[in-house]
Amino acid sequence: MKTQKSENVALESIDFPPQVRRKIDEAALAGLEASIRAIGVQQPVLLRLMESGRYVPLDGERRCRVSLLVGLATIPACVITDPLEAAEIVERQLAINMAREALHPLDVARGIDALLKEPQRTAAQVAAALGMSPATVSRQHALLTLAPEILEMIERAEIPVSVGYELTCVKDPQERLRLAQLAASGATTRDGISQERKRQDKPAGSPGRNGPIKFTAQLGAGRTIAIRGPGLDAERAIQWLEELIARLRKVRSQNLALPTFAKMLKDQSQPASAKPSSQGTAGC
């Protein structure tokens with residue numbers, strides 16, 4: 001357990017090195033500014049005390065910056081006085097931001113990349129520290145294999161991150177870029193890319209080239225889970241189930257009946273002009 005102390009820290013003694021989060025919601029910043037002008041900073045920030053005697057934010061950089069903007073001299077803070085390794089700083093920033101609000105997937109991917117570059121740190125250890133599965137860590141990290149042009153499309157929201165995940169499964173870099181450009185123009189979707197990729201990957205005439213594969217798991221006590229989709233294997237099964245669990249968690253407070261939820265997923269998975277399809281969610 002790192003040693004912490006509570007104090008009011010002079011804002012002029014805080015430095016702002018690059019953080020895990022790169023994309024900042026301007027509307028949220030405006031709301032934060034209005035709040036701090038009205039009632040001040042109500043929740044202490046988390047700072048690390050450096051050997052130089054200056055401070056670095058681990059949690060609350062936006063509160064620090066806005067406090068400076070509105071002219072405050074100090075900010076309430078919990079200060080970690082013990083030394084922290086660079087990987088510990090990234091790990092804390094990732095965990096804190098992911099717990100509070102959704103980080104952009106590329107910010108998560110870059111944070112994971114920084115942790116994986118630490119000597120003797122495995123994907124399983126990173127996953128445990130962040131509360132993620134190893135498969136999710138691998139999936140997020142794979143986004144960084146995309147070309148800079150594609151990453152910029154994702155950053156600018158020209159293509160959804162779901163398309164980015166699917167593009168990581170396309171082997172040829174030129175084909176990746178071509179498909180990304182088609183998606184950005186609205187000429188294809190994630191499902192379209194998935195179908196195209198599987199047609200290219202599967203040898204002509206091979207069994208089940210175009211057909212979905214079904215997997216049924218008997219869990220006992222009358223419980224059964226069935227998954228059906230193209231190119232189904234263990235890795236895809238994990239990814240599809242994780243996506244389903246995440247979506248169920250988002251809507252469980254709405255007390256939706258499962259048939260209603262299933263219809264909602266079906267409607268969301270297809271463009272407005274597409275016919276209903278039984279294809280599984282994307283995975284590679």
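The table for this structure:
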| quantity | calculated |
| --- | --- |
| Residue within segment 149-164 that is closer than 24 Å to Gln195 by Cβ, of a type in the set (S, T, N, Q) and part of a loop (DSSP other than H, G, I, E, B) present | no |
| Options Ala157, Ala147, Ala142, Ala180; residue that is modelled with pLDDT of 90 or more and surrounded by fewer than 16 Cβ atoms within 10 Å (Cβ to Cβ) | Ala147 |
| Residues that are surrounded by fewer than 18 Cβ atoms within 10 Å (Cβ to Cβ) and closer than 10 Å to Ile150 by Cα, drawn from segment 163-177 | Leu177 |
| Residue in segment 200-213 that is at pLDDT below 80 and either touching a Cys at 6+ places or on another chain (Cβ under 6 Å) or on the phi > 0 side of the Ramachandran plot (or both) present | yes |
| Residue check for Val70: buried (at least 17 other Cβ atoms within 10 Å of the Cβ), more than 30 Å from Leu244 (Cα to Cα) and modelled with pLDDT of 85 or more | no |
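One line per residue, one yes/no per condition, for (1) at pLDDT 80 or above; (2) touching a Phe, Trp or Tyr at 6+ places or on another chain (Cβ under 9 Å); (3) under 18 Å from Tyr165 (Cβ atoms); (4) not polar (S, T, N, Q):
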residue: Ser253; (1), (2), (3), (4): no, no, no, no
residue: Lys263; (1), (2), (3), (4): yes, no, no, yes
residue: Ala272; (1), (2), (3), (4): no, no, no, yes
residue: Gly280; (1), (2), (3), (4): no, yes, yes, yes
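The values are calculated or read from the model by the stated rules, or taken from the named source; none is laboratory data. Note that this is a predicted model, so its numbers are computed, not measured. In this analysis, Cβ positions are derived from the backbone assuming ideal geometry, glycine residues included, and neighbour counts consider all displayed protein chains.
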